[in-house]
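S.K.: My questions will all concern the structure given below.
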2 protein chains.
Amino acid sequence: MTTAVAAGGVTTPLGFKAAGVSAGIKVNGGSDLALIVSETAATAAAVFTTNRAQAAPVVVSREHIERAGGLARAIVVNSGCANACTGDEGVSVAQEMTAETARLLGCSAEQVLVASTGVIGVALPIDKIRSGLPAALRALAVDQGSAAARAIMTTDPFPKEASARATIAGREIVVGGMAKGSGMIEPMMATMLAFVTTDASVPRLLLDRALRDVVNDTFNAITVDGECSTNDCVFLLANGASGVQIDDGSYAPFVAALRTVCRELALGIVRGGEGATKLVAVTVTGAATADQARKAAKAIANSPLVKTAIHGGDPNWGRLIAVAGRAGVAFELNRASVAIGPTVLFKDGQPYDENAPRAAEYLSGKDIAVTVHLGVGSEESTVWTCDLSAEYVRINADYRT
Amino acid sequence: MTTAVAAGGVTTPLGFKAAGVSAGIKVNGGSDLALIVSETAATAAAVFTTNRAQAAPVVVSREHIERAGGLARAIVVNSGCANACTGDEGVSVAQEMTAETARLLGCSAEQVLVASTGVIGVALPIDKIRSGLPAALRALAVDQGSAAARAIMTTDPFPKEASARATIAGREIVVGGMAKGSGMIEPMMATMLAFVTTDASVPRLLLDRALRDVVNDTFNAITVDGECSTNDCVFLLANGASGVQIDDGSYAPFVAALRTVCRELALGIVRGGEGATKLVAVTVTGAATADQARKAAKAIANSPLVKTAIHGGDPNWGRLIAVAGRAGVAFELNRASVAIGPTVLFKDGQPYDENAPRAAEYLSGKDIAVTVHLGVGSEESTVWTCDLSAEYVRINADYRT
């Protein structure tokens, strides 16, 4: 049994502390250095951006998680500078961030993971990190999860935190998390970071499998503008402080709690997308394969014509059909259908345009669902996105200065 | 030797007449019915949308070109209604358009090609086409090419016409063409149509090959918003009225003239894209294969972050690198480079941000070139696009009523 906890975050599970402080990296001030620390070495799993232009912290964290045999004590994160496209120097800086954190905590540098978000192509001032870290360490506390969640924001309109509980053989485990989305008001920021903690004890292979399973239909099922950053990463730490061991038998309730947290964070990222005014769930049914369902749903979710129509409250089902037709998946026009909310506008090759006013009324809401049936098979997939507003353009067309 | 002719169009080659009249299909009036007629049956080649949701006129024209053995006398086109997603009834209407045109011209229906552009999912009123066609026939004239070019517009900001001449063994042949782009001020209109004529005599297989060769690096190398319509098509008619026969020996100058016309029309479509203020040539070099170069160039050209940055005059090279990295092609960050116009901003893994002001100055122009080197091989490709403005969102978010 899993329940979402509104108020929770990375320090809701037992044995985790966090901090968020200002190290002076952000030009306009504000907190920009976050620490998440487990009392004991935690089992760690991670997924990284598939972008081939990988930022220095991605390179370093990937190495560390391998070298440390999947154990981690801490995650150190800065906002305000992505440390991406910064060459060998950038890698040294990311290594130095982990080494300095490790020195203060008294663990090995390999047991520290690092992430950065902010401007690409600008050197990260390691002296500011070095002088900010002692303050972060002093601030570490169980009640500082929200401070950490705020310190990783760039121009996100709100911090994103979530937690969930599961009862396993009568004992409780907790999963907590925090995330940032793509703010972009200062251009060149487009990073999705998420950090998830649990007090369950989970063997490394099982933790890896759980994270991959859940990321696929949460963080990998959202899109704001189809972009994939140089810095995207999701870290998951399991420190076992609850004393509850997860095995194949208790995998399902653990994954359900993990999925609840990741989905809540993922939807928070979409709701906080640049210029977003609506959350849109795009469901594709009747696909030949699950991959084709996902591919069509992503194509629809990234279509500027679909996103602008939804922004304008226009039940423009022809655009949904046109994108499904060009998505590179099996599609049968004469067996296809489109529904906006509960209202069918096209079915078996025939339009039902008389239903358009009802669909337009539905589109005036904030939480929108659209469904496209491809008319071929029985597989389906849901992807979440936001609408495309003139505000998105204004945000992203601003010059960096 | 090929020269672009500014004033020419589909009736510049010998033996073609055209007309553009109002048949009352467009709700707000204006000409909406175009005819292009060759004095004699012309060899015909065509390329159609790859969208699996194909509009009725696409289905009918594809059939006709096959049944008539690659011969055509006329092209009939309406704007104001796409006759797409209209079921079997829509196919009957498209057939009726060709039959009525054929009856008036005294040829077989199979020798008439048909195209439509406008709102999806709305029935095309065949009675209006039927009563408009006699007027179109009466208006047919050598000097009515521009009238035809205007009659196929939906919300294009300007008509698109071009022609070019080639001298072959001392004799001249002419290629002329007209096109419409994606207007979209009335939503659900996103069709690219182009009609090209020549007075050269070209065997069917050679004409097919020429059209495919040229379309690949003209119409298929442009993108406004990554969308592909249900109605897209390019028709090419060669009527031989010049008396000049094209064979393998004279293929090159013929194709050069054809490319000049198609490129001019294609760039006109991009310049007239919804909300466009800049024409952007995206060149990708250093790719492992030509396909990968094209794939990366399309990804960059369709990136909303790249398009908004260019709109805002922001030399945001990090976005270009980030898209190249996520484009699904071979990419080496440490050997990659980015130039905006002639200004290098990133090279061999190192940023040259001190050049940003010069690049920003360049981006204040209207014709922009950006180059991304993938650092892998030696293949390259160029794709043309426009910037993404708040006006695009306003145009496409309007409700259809």
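Read the figures in this text as sums done on the coordinates, not as results from a lab. Since we're looking at a predicted model, the values are computed, not measured. Don't worry about glycine lacking a Cβ; one is built from the backbone with ideal geometry, like all the others, and counts go over all protein chains shown.
S.K.: At 20 °C and 1.002 mPa s, what whole-number value in µm²/s does Stokes-Einstein give for the translational diffusion of the protein assembly as shown, with Rh from the Kirkwood sum over Cα pairs?
M.R.: 76
S.K.: Choose one answer from A:Gly275, A:Gly70, A:Gly313: the residue with the largest mean-square fluctuation in a GNM of chain A with alpha-carbon springs under 10 Å.
M.R.: Result for chain A, Cα springs under 10 Å: A:Gly313 fluctuates most.
S.K.: Here is a follow-up. Which whole-number percent gives the relative contact order of chain B, counting Cα pairs below 8 Å spaced six or more residues apart?
M.R.: 18
S.K.: In a Gaussian network model over chain A where Cα atoms closer than 10 Å are linked, find which of A:Arg326, A:Arg150, A:Arg204 has the largest mean-square fluctuation.
M.R.: A:Arg326
S.K.: I would also like to ask the following. Would you kindly state how much longer the chain becomes between A:Ala7 and A:Glu39 on full extension, computed as 0.36 nm times their sequence separation minus their alpha carbon distance, in nm to one decimal?
M.R.: 9.3 nm
S.K.: Additional query: At a Förster distance of 41 Å, what's the computed FRET efficiency of A:Arg212 paired with B:Ser364, Cβ-Cβ distance as r, to 0.05?
M.R.: It comes to 0.30.
S.K.: Among the lysines, select those whose C-alpha is under 25 Å from the C-alpha of B:Lys366, and discard any that sit fewer than 8 residues away in the same chain.
M.R.: Leaving aside lysines fewer than 8 places away in the same chain, those within reach of B:Lys366 are B:Lys160, B:Lys180, B:Lys278, B:Lys295, B:Lys298, B:Lys307.
S.K.: Could you tell me whether the range B:123-248 comes out rounded, prolate or oblate from its Cα gyration tensor? Rule is a ≥ b ≥ c as square roots of the eigenvalues, rounded for a/c under 1.5, then prolate if a/b exceeds b/c, otherwise oblate.
M.R.: oblate
S.K.: Where the convex hull is taken over the Cα atoms of chain A, what is its projected area averaged over directions, in nm²?
M.R.: 19.0
S.K.: Something else about it: Can you tell me how much longer the chain between A:Tyr251 and A:Gln350 gets when fully stretched, taken as 0.36 nm per residue apart minus their C-alpha distance, in nm with one decimal?
M.R.: 31.1 nm
S.K.: What is the dipole size for chain B, taken about its Cα centre, with +1 at each Lys and Arg Cβ and -1 at each Asp and Glu Cβ, in debye to the nearest 20?
M.R.: That gives a dipole near 220 debye.
S.K.: Once whole DSSP H runs in chain A are found, which of them have Cα atoms spread over 27 Å or more along the helix axis and a mean Kyte-Doolittle score of at least 0.5?
M.R.: A:251-271
S.K.: Can you tell me the FRET efficiency between A:Ala123 and B:Ala169 if r is taken as the Cβ-Cβ distance and R0 is 51 Å, rounded to the nearest 0.05?
M.R.: For R0 = 51 Å, the calculated efficiency reads 0.20.
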